[in-house]
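What follows is a single structure, written as structure tokens, with notes after it.
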Amino acid sequence: MKNDSLTSEFGQLFMAGLPGPDLDESTVELIRQYHVNNFILFTRNTLSPDQVHSLTRDLTAACSRIGVPPPLISIDQEGGTVARLPDPFSQFGDARMYAESAEPETSLENFALTCGHELHDVGINMNLAPVLDICPAGQDFFMEKRSLGNDPERVAALACLVIAKMQECGVAACAKHFPGLGAAKIDPHLHLPVVHRLREQLQADLIPFEKAISSGVAAVMTSHTVYTDLDPGVPATLSKKVLSGILRRQMGYEGVVITDDLEMGAIENDKLCEQAALESFLAGCDLLLICQDQNKVRKSCEQLVQAFDQGRFSADRVHQSLGRLARLRERFGIG
């Protein structure tokens, strides 16, 4: 990989997974050679609070030695079916359970504050939650348990509560999955969902995202789903119409846009991960998430360098994304 002043920054556009619970040589080399400085943790990386804290300290020190900005260290800690931290970390139920409880605001505030403090205490500074997808119950939709409900205004209010309390703890929250995955019946981990909802119907799905943006959510995650009335045949993650058109221009969002995992079947069944990384960046994403195979991170970074050399995007476009990431770090005291 070339190492001039611009292309050496391309690795900072990626968020990578780690193979195990300790900082391994492959990850160190990813930081050293490609300047990757954003990471996501899974169950394979989390054994105990002391171990997680040691890992996050080691990642921060490794980035410091190379002279890159301190790492964004993220996790999917939604509770219930999507949670990565074992006991003695607090264990929570699915979002739907709390939203339908007798005191949903109290339950969700407790979740957000407890989770936020526990993440912050072990050096995790970003939670890829909450889910803002609108989803009815009892109709076999993929996101039912993870959704806060089927009423856009109610989902917006509950999600904004979670975002506010999580971010009060110093943990960046992430609204997902834009522009709304609740109408999908197919799991995008395996296959590409297609949603045949009219643009007018999709406007309701955008309400929670509009409110989250107004409330200052730190990041928005994209959906690996085709919305036929927005951009036929193109998943939202790869769609300039959806991300640059609707999210950036129409909704005025100026924060960080992160892809969902580019190794999911919804993407890789159709194209190579490195091709998807480039297309998502060109569509408007700032942070490219690759959760498993670090070799795909390397190939994707090199794909961006090659595309830049071919004139497919400008230095200004790179600096836009790096600037958004820098402002997120500054806002949450990461550094």
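Do you know which residues across segment 198-226 are touching a strand residue (DSSP E or B) at 6+ places or on another chain (Cβ under 7 Å), more than 15 Å from Phe142 (Cβ to Cβ) and assigned to a loop (DSSP other than H, G, I, E, B)?
Val217, Ala218
How many residues are in a loop (DSSP other than H, G, I, E, B) and closer than 15 Å to Thr222 by Cα when one looks only at segment 124-149?
7
Just checking, which of Cys273, Cys285 is buried (at least 16 other Cβ atoms within 10 Å of the Cβ) and either in contact (Cβ under 8 Å) with a residue 60 or more places away in the chain or over 26 Å from Gly20 (Cα atoms) (or both)?
Selected residue: Cys285, the only one of Cys273, Cys285 that is buried (at least 16 other Cβ atoms within 10 Å of the Cβ) and either in contact (Cβ under 8 Å) with a residue 60 or more places away in the chain or over 26 Å from Gly20 (Cα atoms) (or both).
Looking only at segment 56-82, count every residue that is part of a strand (DSSP E or B), among the β-branched types (Val, Ile, Thr) and either over 17 Å from Arg146 (Cα atoms) or more than 19 Å from the chain's Cα centre (by Cα) (or both) and tell me the total.
Of the residues in segment 56-82, 1 are part of a strand (DSSP E or B), among the β-branched types (Val, Ile, Thr) and either over 17 Å from Arg146 (Cα atoms) or more than 19 Å from the chain's Cα centre (by Cα) (or both).
Every residue in segment 83-112 that is small (Gly, Ala, Ser), assigned to a loop (DSSP other than H, G, I, E, B) and under 13 Å from Arg146 (Cβ atoms), please.
Once the filter is applied, which keeps residues that are small (Gly, Ala, Ser), assigned to a loop (DSSP other than H, G, I, E, B) and under 13 Å from Arg146 (Cβ atoms), segment 83-112 yields Ala83, Gly93.
Going residue by residue through segment 210-222, is there one that turns out to be surrounded by fewer than 16 Cβ atoms within 10 Å (Cβ to Cβ) and under 29 Å from Ala326 (Cα atoms)?
Checked against the condition, which is being surrounded by fewer than 16 Cβ atoms within 10 Å (Cβ to Cβ) and under 29 Å from Ala326 (Cα atoms), segment 210-222 yields at least one hit.
Considering only residues that are in contact with a strand residue (DSSP E or B) (Cβ under 7 Å, 6 or more places away or on another chain) and not aromatic (Phe, Trp, Tyr), which ones fall in segment 281-298?
Gly284, Cys285, Asp286, Leu287, Leu288, Leu289, Ile290, Cys291, Gln292, Gln294, Lys296, Val297 - these are the residues of segment 281-298 that are in contact with a strand residue (DSSP E or B) (Cβ under 7 Å, 6 or more places away or on another chain) and not aromatic (Phe, Trp, Tyr).
Do any residues in segment 15-39 that are part of a helix (DSSP H, G or I) have Cβ atoms under 9 Å from those of residues that are crowded, with 23+ Cβ neighbours inside 10 Å and among the aromatic types (Phe, Trp, Tyr), where the two are at least six apart or on different chains, and which pairs are they?
Hits for this filter: Thr27/Phe39; Leu30/Phe14; Tyr34/Phe10; Tyr34/Phe14.
Can you find a residue in segment 320-335 that is modelled with pLDDT under 95 and not acidic (Asp, Glu)?
yes
The values are calculated or read from the model by the stated rules, or taken from the named source; none is laboratory data. Predicted, not measured: the structure shown is a model, and the values here were computed from it. Note that each Cβ is placed from the backbone with ideal geometry, even for glycine, and that neighbours are counted across all protein chains shown.
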